[in-house]
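Peer 1: The structure is given below, and queries will be raised subsequently.
Nothing in this text is a laboratory measurement; each read-out follows from the coordinates by a stated rule. All figures in this text were calculated on a predicted structure; none of them were measured in a lab. Because the Cβ atoms are built from the backbone with ideal geometry, glycine has one as well, and the counts that use them run over all protein chains shown.
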Amino acid sequence: MWERLGRIVAPPELGGWARSHASVPFVRAVEGDLHLFYSTRDERGRSHTVRAGLDLDASGGATAGPPEAVLGPGALGAFDDSGAMGAWLVRHGGREHLYYIGWSLGVTVPFYLYIGLAVSEDGGRSFTRASRAPVVGRSDTDPLLATAPCVLVEDGLWRMWYTSAVRWEAAGVYGRPKHYYRIAYAESADGVDWRPTGRVCIDFANDDEYAIGRPCVVRDGDGYHMWFSCRGSRYRIGYARSADGLDWQREDRAAGLLPAGGDWESESVEYGFVLDHERVRWLLYNGNNYGATGIGLARWDGSS
């Protein structure tokens with residue numbers, strides 16, 4: 001089970017690109033150093049991807065440095081003009097590939113989401129968009145939205161697990177349309193041109209669930225493990241395992257995480273990222289209100 005270690009990043013209040021939120025955390029090791037990435041929001045509610053130093057030790061101590069912006073919203077009218085929210089980082093061919101969530105506001109529905117790609121030549125200190133268009137967008141396979149990718153490269157094959165919408169319902173919470181989405185799978189030969197397969201990896205567990213997203217896949221000697229956000233009345237972190245990364249068995253009670261007491265994670269937990277570092281398995285995650293209360297840390301206790 002997961003041993004909670006508390007909140008390690010409070011939402012910044014720096015103004016400009018960091019007026020609120022610390023959402024969708026993920027970590028990349030570069031030459032022995034850990035770099036923490038997450039997204040802040042500006043005064044217009046637009047997401048900006050930021051980077052900070054991170055120190056972890058096996059005793060459970062953690063320290064995150066001040067954030068530096070590495071990617072902001074796109075040009076007016078672009079698929080990411082309302083936010084560029086980092087989701088996953090892949091180092092390949094000496095470059096860092098940042099897959100991010102591009103936000104665009106809608107009229108009949110509140111938003112559209114796409115998967116963008118930006119590349120860094122300096123170890124993740126700055127990024128340049130690989131394309132002005134999304135690398136995974138709306139298509140016949142994903143006609144409504146595609147978002148929140150996790151990417152692994154295995155024997156030259158780029159594999160992506162991502163969120164794909166099934167439908168919108170007109171009568172939703174607070175009178176707004178309600179989204180239904182789950183986790184799907186795509187492949188690529190180069191990390192740029194992607195082929196959505198239409199395969200559903202994680203589907204709704206019951207009639208109450210309507211939002212399944214932010215997959216984090218880890219491969220080890222036991223096969224593939226996925227942590228993801230799932231929502232009925234409130235967000236929690238679910239878990240599934242697979243032998244091949246394609247067929248998954250949900251085991252939420254085995255390694256998931258539920259909301260707990262305390263102000264910052266009492267109502268929901270979501271957007272988990274699992275990191276194996278110095279023989280310890282760590283979980284970084286958000287609490288209430290999609291990162292408005294910051295980032296927490298947990299450590300896996302295999303003896304429990």
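Peer 1: How high is the relative contact order of the chain, in percent, counting Cα pairs under 8 Å that sit 6 or more residues apart?
Peer 2: Relative contact order here is 16 percent.
Peer 1: Right, next: Taking amide H atoms as placed 1.01 Å from N in the peptide plane, list the residues 5 or more away in sequence, or in a different chain, whose amide H sits under 5 Å from that of Leu144.
Peer 2: Amide H to amide H, under 5 Å and 5 or more residues apart or across chains, Leu144 pairs with Ser139, Ala165.
Peer 1: Still on this model: Go ahead and collect, in residue order, the members of region 177-203 whose backbone nitrogen is under 19 Å from a label point 7 Å along the Cα-Cβ direction of Thr108.
Peer 2: 177-181
Peer 1: How much of the calculated P(r) for region 22-94 lies past 13 Å, in percent of all Cα pairs?
Peer 2: 68
Peer 1: Now for a different question. Using the 10 angstrom Cβ neighbour count as an exposure proxy, how do Glu31, Glu187, Glu96, Glu209 rank, fewest first?
Peer 2: In increasing order of surrounding Cβ atoms, one gets Glu31, Glu187, Glu209, Glu96.
Peer 1: Relative contact order (percent) for region 31-98, with alpha-carbon contacts under 8 angstrom and 6 or more residues of separation?
Peer 2: The value is 27 percent.
Peer 1: What is the ratio of the Cα radius of gyration of region 197-256 to 2.2 N^0.38 Å, with N the residue count, to two decimals?
Peer 2: For region 197-256, the normalised Cα radius of gyration is 1.08.
Peer 1: So, how do all the Cα-to-Cα distances of region 176-304 break down into 10 Å bins, in percent, from 0 on up?
Peer 2: Values per bin, smallest distances first: 12, 40, 35, 12, 1.
Peer 1: Further, regarding this structure: Restricting to DSSP H runs of at least four residues, report the calculated mean residue ellipticity at 222 nm for the chain, -39500 (n - 2.57) per run over all residues, nearest 500 deg cm²/dmol.
Peer 2: The per-residue figure over the chain is 0 deg cm²/dmol.
Peer 1: Could you put Phe204, Phe26 in order, starting from the residue whose Cβ has the fewest other Cβ atoms within 10 Å?
Peer 2: If I rank by nearby Cβ atoms, fewest first, I get Phe204, Phe26.
Peer 1: Sticking with this structure for a sec: Listing Ser120, Ser59, Ser131, Ser39 from the residue with the fewest other Cβ atoms within 10 Å to the one with the most, what is the order?
Peer 2: Ascending Cβ contact count within 10 Å gives the list Ser59, Ser131, Ser120, Ser39.
Peer 1: Next up: Would you kindly derive the ³J(HN,Hα) couplings of region 91-108 from the backbone phi angles with the Karplus curve 6.51 cos²θ - 1.76 cosθ + 1.60 (θ = phi - 60°), listing them in order in whole Hz, with x for Gly and Pro?
Peer 2: 9, 8, x, x, 10, 9, 10, 9, 8, 9, 8, x, 9, 9, 7, x, 10, 6
Peer 1: What is the projected area of the convex hull of the Cα atoms of region 94-168, averaged over all directions, in nm²?
Peer 2: 6.1
Peer 1: If you take every DSSP beta bridge whose two residues both sit in region 116-216, what share of them, in percent to the nearest 5, is antiparallel? Could the numbers behind the result be given before it?
Peer 2: Details: 25 of 26 bridges.
Antiparallel bridges make up about 95 percent of those DSSP assigns within region 116-216.
Peer 1: Over region 187-232, what portion of Cα pair distances is larger than 18 Å, expressed as a whole percent?
Peer 2: 50
Peer 1: Also, quick follow-up: Cα-based Rg of the chain per 2.2 N^0.38 Å, rounded to two decimals? Working shown, then result.
Peer 2: Values: Rg = 17.8 Å, N = 304, 2.2 N^0.38 = 19.3 Å.
Compactness ratio reported: 0.92.
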